[in-house]
Each structure stands twice: as structure tokens, then as C-alpha cells.
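The values are calculated or read from the model by the stated rules, or taken from the named source; none is laboratory data. Please read all numbers here as calculations on a predicted model, not as lab measurements. Every residue, glycine as well, gets a Cβ built from its backbone with ideal geometry; the counts of neighbours run over all protein chains shown.
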Amino acid sequence: MIPLFHPPIKRSLEIAGHKTSISLEPLFWEMLKVAAAKEGIPVNALVARIDALRLEADPMPGLASAIRVWLTASAYSAAQKGI
């Protein structure tokens, strides 16, 4: 079982050809893994896609925040569709 309230865990990823570290709570790491599997792409590729979207936002959020919002919006959208 994934702990609901747990401090963020930092992991290193490579996106757009450079290494970066992202701190997310375990629930969000699991959601990210599931979303990437659903899309049939590696987690790094999904994070790169989210990163590209956040770079277009004004104001531009931090990457960890963008990931959390993207995952929450995806889950909300699926719930609205009854999935």
C-alpha cells in the first residue's frame, strides 16, 4: 500500500538530454509510473512531455508542481468521463 501522507522522495531523471532531480510524494511517483505505462512510454518521456507543457505556461510552475497538477488533472478528467 502506498502511504497517503509521506514526505517527498527525490529521484533523478534524464529529460531533454539533461539530468535533473524531482521530489514527489510516493503517491505521485506511483501515479506517474501508471500514467506512463498507460501511454506506453517511459516515465522520463512522460516527464519530458509535462515539462514541455509547463514551459509554455504563464506563469511557469516548478516541474514538481507541474507534474502534480498534470496527474491530478488527468485523474479528474478520467473521473468526469466515468473511467
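Looking only at the range 1-12, decide whether some residue is of a type outside the set (A, V, I, L, M, F, W, C), exposed (fewer than 12 other Cβ atoms within 10 Å of the Cβ) and touching a helix residue (DSSP H, G or I) at 6+ places or on another chain (Cβ under 8 Å).
Yes, some residue in the range 1-12 is of a type outside the set (A, V, I, L, M, F, W, C), exposed (fewer than 12 other Cβ atoms within 10 Å of the Cβ) and touching a helix residue (DSSP H, G or I) at 6+ places or on another chain (Cβ under 8 Å).
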>> Looking at the range 24-51 only, could you name the residues that are small (Gly, Ala, Ser) and more than 15 Å from Glu14 (Cβ to Cβ)?
In response: Ala35, Ala37, Gly40
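Return the residues of the range 25-83 that are β-branched (Val, Ile, Thr) and within 11 Å of the chain's Cα centre (by Cα); say none if nothing qualifies.
Pass one, the range 25-83, residues β-branched (Val, Ile, Thr): 34, 41, 43, 47, 50, 67, 69, 72, 83.
Scanning the range 25-83 gives Val34, Val43, Val47, Ile50, Ile67, Val69, Thr72.
Looking at the structure I just gave you, is Leu24 surrounded by 13 or more Cβ atoms within 10 Å (Cβ to Cβ) and closer than 13 Å to Leu71 by Cβ? Reasoning before the result, please.
Values: surrounded by 13 or more Cβ atoms within 10 Å (Cβ to Cβ): yes; closer than 13 Å to Leu71 by Cβ: yes.
Here the answer is yes, as Leu24 does meet what is asked.
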> Is it fair to say Thr72 is in contact (Cβ under 8 Å) with a residue 40 or more places away in the chain, surrounded by fewer than 17 Cβ atoms within 10 Å (Cβ to Cβ) and among the hydroxyl-bearing types (Ser, Thr, Tyr)?
Replying inline: no
>> Tell me yes or no: at least one residue of the range 14-21 is aliphatic (A, V, I, L, M), more than 21 Å from Ala78 (Cα to Cα), modelled with pLDDT under 95 and surrounded by fewer than 11 Cβ atoms within 10 Å (Cβ to Cβ).
In response: no
> So, in the range 52-67, of the ones that are surrounded by 17 or more Cβ atoms within 10 Å (Cβ to Cβ) and in contact (Cβ under 8 Å) with a residue 24 or more places away in the chain, which residue ends up farthest from Ser77 (Cα to Cα)?
Replying inline: Leu63
